[in-house]
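Peer 1: This is the structure I have questions about; it appears just below.
The values are calculated or read from the model by the stated rules, or taken from the named source; none is laboratory data. Note that this is a predicted model, so its numbers are computed, not measured. Cβ coordinates were reconstructed from backbone atoms using ideal geometry, including for glycine residues, and neighbour counts include every protein chain displayed.
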Amino acid sequence: MSQNLCIGLAGLGTVGSGLVEMLQKNHDEILRRTGREITIKTVAVHNIAKKRDLPAGVHLTDDAMSLADDPDIQVVVELMGGTTVARELILRAMRNGKSVVTANKALLAEYGREIFALAAEKNVALGYEASSAGAIPVIQTLRDSLAGNHITSVMGILNGTSNYILSEMNNNGFDFPTALKAAQDMGYAEADPSLDIDGQDAAHKLALLIRLAWGVHYDFSKLSIEGIRGLDPLDIQFAREFGYRIKLIGQARDENGKIEAGVFPALVHHSMLLARVNGAYNAVRIEGNAVGSLFLHGLGAGSRPTASAVLGDLLAIARRDEVNSAEANTGFIDALPDAEILPSDETISPWYTRATVRDTYGVLRDIATVFADEGISFAQLIQKAASQDDCVSLVLMTHDTTGTAIKKATRRLYEDGTLLVPATCFRILAASGNEAEGV
């Protein structure tokens, strides 16, 4: 084993700067754990004229591809983001026999099949712990620690920005625009927050977790995705009255060999641990047939948490006898087949529905009749006092049904004029096992 592990770093933004800081600050600990120095030879940035706080001897370049071609660099760390130049860099580095560490969840979700296949072909390591749930070691947990389990479900809060917004709406009574502005002021949300609030970021992470949990390729374009953009504070309030909190959930389940997966706002019972995850935190609950239920919780974003995950991948590579090794990139030795997909709307769960109607005789009867036609029964119902225009909100909590049935029933009611506006419908996550008791 060579004394030093020489790396090239592409990107010196929040995470890249955090990595440089942690390599310096934790130098002695890293050396004790690996027996090797991890040194940065070159950093690729957009503007080499900008003043940078880097260790002595580190070179700057504006040519990211030079990292892939440098024979001294053993590992390329890609932290630039995006799916164009980053993809080209990673593929070129692997073709040149270099291992890669990345935090690029979008790239792996959309081009993962190509990247993992090339890593296996070239027998190089691909580290991507930082691509899902920040500092939480969920990649290693699924790939290594739970390798002896059949995973039955993976569920979690996978986006810290959306969780911060929902926490502000729930705890402080903010409306959505105010909560979003607070997230932007705190640095949790970008000026364009679309990837976070529309569920895309969480979906990218979920696609990676599916690959690790079941050893299948889930076509990202087929993943059901719904975000929290414009969430009405009324639904936050009504959910609380029933004992629930609204969270943006990423969920995948094995249903008799088919994978049901999606990202969606859901009502989570207050007794569940997921309901208690507040602020810019992430959490993942994993269920396996041997281990039962595991709950992982931690910061999902920020320079140090994400840099910690990147550094963990670098240490794992540094410990190996061979730097270039594809061992355990996915946790499965064969090429990954396509997932058999169960559409999310075909799965069964309770549902929350808020309907706006005229406060007139026979409305409840008409709603009950249409719901009964679709095989839906009510578990609970509350009606709010009429407003000045004689409109009322009806909140219906159903027994188990499908999303298809809920959406068909509410569409019929809107089209026949019973509902004044389209209904708001959220899936309800049922508490189960020890988690329901807060254990």
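Peer 1: If a residue must be part of a helix (DSSP H, G or I), buried (at least 18 other Cβ atoms within 10 Å of the Cβ) and in contact with a Leu (Cβ under 9 Å, 6 or more places away or on another chain), how many such residues does segment 93-117 contain?
Peer 2: So the count comes out to 9.
Peer 1: Looking only at segment 98-157, how many residues end up being without any contact (Cβ under 8 Å) to a residue 60 or more places away in the chain, closer than 24 Å to Gln74 by Cα and over 18 Å from the mean Cα position of the chain (by Cα)? Steps first, please.
Peer 2: We begin by selecting, within segment 98-157, every residue without any contact (Cβ under 8 Å) to a residue 60 or more places away in the chain; these are 100, 102, 104, 107, 111, 114-115, 118, 121, 145.
Now drop any that are not closer than 24 Å to Gln74 by Cα, which leaves 100, 102, 104, 107, 111, 114-115, 118, 121.
If we keep only those that are over 18 Å from the mean Cα position of the chain (by Cα) too, we end up with 100, 114-115, 118, 121.
Number satisfying all stated conditions: 5.
Peer 1: Turning to a different aspect of this structure: Name the single residue, out of those in segment 409-439 being out of contact with any strand residue (DSSP E or B) (no Cβ under 8 Å at 6 or more places or on another chain) and under 21 Å from Ser293 (Cα atoms), that is modelled with the highest pLDDT. Give the steps one after another, and end with the answer.
Peer 2: Keep residues of segment 409-439 that are out of contact with any strand residue (DSSP E or B) (no Cβ under 8 Å at 6 or more places or on another chain), which gives 409, 411-412, 414-417, 422, 432, 437-439.
This time we only want the ones that are under 21 Å from Ser293 (Cα atoms), so: 432, 437-439.
Values: Ser432: 52, Glu437: 42, Gly438: 47, Val439: 38.
Applying the filter and picking the extreme gives Ser432.
Peer 1: When you check Gly35 against the structure, is it exposed (fewer than 13 other Cβ atoms within 10 Å of the Cβ), of a type in the set (Gly, Ala, Ser) and assigned by TED's automatic domain parsing to the domain that holds Leu311, yes or no? Lay out the reasoning, then the answer.
Peer 2: Numbers: exposed (fewer than 13 other Cβ atoms within 10 Å of the Cβ): yes; of a type in the set (Gly, Ala, Ser): yes; assigned by TED's automatic domain parsing to the domain that holds Leu311: yes.
In short, yes.
Peer 1: Name, by its number, the condition in (1) closer than 26 Å to Glu226 by Cα; (2) in contact with a Lys or Arg (Cβ under 7 Å, 6 or more places away or on another chain) that does not hold for Gly331.
Peer 2: Only one criterion is unmet by Gly331, namely (1).
Per-residue answers, yes or no, for (1) crowded, with 22+ Cβ neighbours inside 10 Å; (2) more than 14 Å from Arg276 (Cα to Cα); (3) not assigned by TED's automatic domain parsing to the domain that holds Ala207:
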| residue | (1), (2), (3) |
| --- | --- |
| Gly148 | no, yes, no |
| Ile157 | yes, no, no |
| Tyr164 | yes, no, no |
| Glu168 | yes, no, no |
| Asn171 | no, no, no |
| Asp175 | no, yes, no |
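Peer 1: Out of segment 353-400, which residues are aliphatic (A, V, I, L, M) and not in a strand (DSSP E or B)?
Peer 2: Scanning segment 353-400 gives Val363, Leu364, Ile367, Ala368, Val370, Ala372, Ile376, Ala385, Ala386.
Peer 1: Moving to a separate point now. Within segment 330-350, take every residue that is aliphatic (A, V, I, L, M) and touching a Phe, Trp or Tyr at 6+ places or on another chain (Cβ under 8 Å) and give me the one that is surrounded by the fewest Cβ atoms within 10 Å (Cβ to Cβ). Please lay out each step first, then the result.
Peer 2: Looking only at segment 330-350, we keep the residues that are aliphatic (A, V, I, L, M), and these are 333, 335-336, 339, 341-342, 348.
From what's left, touching a Phe, Trp or Tyr at 6+ places or on another chain (Cβ under 8 Å): 336, 339, 341.
Numbers: Leu336: 18, Ala339: 21, Ile341: 16.
For segment 330-350, the residue satisfying everything is Ile341.
Peer 1: Please indicate, with yes or no, whether at least one residue in segment 32-43 is modelled with pLDDT under 95 and hydrophobic (A, V, I, L, M, F, W, C).
Peer 2: Yes, segment 32-43 has at least one match.
Peer 1: In this structure, is Ile48 more than 26 Å from Glu121 (Cβ to Cβ), surrounded by 13 or more Cβ atoms within 10 Å (Cβ to Cβ), among the β-branched types (Val, Ile, Thr) and without any contact (Cβ under 8 Å) to a residue 60 or more places away in the chain? Break it down into steps so the answer makes sense when it comes.
Peer 2: On the way: more than 26 Å from Glu121 (Cβ to Cβ): yes; surrounded by 13 or more Cβ atoms within 10 Å (Cβ to Cβ): yes; among the β-branched types (Val, Ile, Thr): yes; without any contact (Cβ under 8 Å) to a residue 60 or more places away in the chain: yes.
So Ile48 passes the test.
Peer 1: Given the criteria in contact with a strand residue (DSSP E or B) (Cβ under 7 Å, 6 or more places away or on another chain) and without any contact (Cβ under 8 Å) to a residue 12 or more places away in the chain, does Leu31 qualify? I'd like the intermediate steps shown before the answer.
Peer 2: Numbers: in contact with a strand residue (DSSP E or B) (Cβ under 7 Å, 6 or more places away or on another chain): yes; without any contact (Cβ under 8 Å) to a residue 12 or more places away in the chain: yes.
So Leu31 fits the description; yes.
Peer 1: Output the residues belonging to segment 118-130 that are part of a helix (DSSP H, G or I) and surrounded by 24 or more Cβ atoms within 10 Å (Cβ to Cβ). Break it down stepwise before answering.
Peer 2: Filtering segment 118-130 for residues part of a helix (DSSP H, G or I) gives 118-122, 129-130.
Glu129, Ala130 - these are the residues of segment 118-130 that are part of a helix (DSSP H, G or I) and surrounded by 24 or more Cβ atoms within 10 Å (Cβ to Cβ).
Peer 1: In segment 197-250, which residues are in a strand (DSSP E or B), more than 11 Å from the chain's Cα centre (by Cα) and either crowded, with 23+ Cβ neighbours inside 10 Å or in contact (Cβ under 8 Å) with a residue 40 or more places away in the chain (or both)?
Peer 2: Those that are in a strand (DSSP E or B), more than 11 Å from the chain's Cα centre (by Cα) and either crowded, with 23+ Cβ neighbours inside 10 Å or in contact (Cβ under 8 Å) with a residue 40 or more places away in the chain (or both): His217, Ser224, Tyr244, Arg245, Ile246, Lys247.
Peer 1: If you take the residues in segment 382-409 that are within 19 Å of Asp232 (Cα to Cα) and either among the aliphatic types (A, V, I, L, M) or in the same structural domain as Gln237 (by TED's automatic domain parsing) (or both), which one is surrounded by the most Cβ atoms within 10 Å (Cβ to Cβ)?
Peer 2: Leu396
Peer 1: Then there is this: Contact list please: Cβ distance under 8 Å, first residue in segment 387-400 and farther than 16 Å from Ala368 by Cα, second residue assigned to a loop (DSSP other than H, G, I, E, B) and at pLDDT 90 or above, pairs at least six apart or on different chains.
Peer 2: What qualifies is Cys391/Leu420.
Peer 1: Let me ask something additional. List every residue pair whose Cβ atoms lie under 8 Å apart, where the two residues are 6 or more positions apart in sequence or sit on different chains, the first residue falls within segment 7-24 and is in contact (Cβ under 8 Å) with a residue 24 or more places away in the chain, and the second residue, located anywhere, is of a type in the set (Lys, Arg).
Peer 2: Correct list of pairs: Ile7/Lys41; Gly8/Lys41; Leu12/Arg52; Gly18/Arg304; Glu21/Arg304; Met22/Arg304.
Peer 1: Would you say Phe264 is out of contact with any Pro (no Cβ under 7 Å at 6 or more places or on another chain), over 30 Å from Ile30 (Cα atoms) and assigned to a strand (DSSP E or B)? Even if it seems obvious, please write down each step before you answer.
Peer 2: Values: out of contact with any Pro (no Cβ under 7 Å at 6 or more places or on another chain): yes; over 30 Å from Ile30 (Cα atoms): yes; assigned to a strand (DSSP E or B): yes.
It is true that Phe264 is out of contact with any Pro (no Cβ under 7 Å at 6 or more places or on another chain), over 30 Å from Ile30 (Cα atoms) and assigned to a strand (DSSP E or B).
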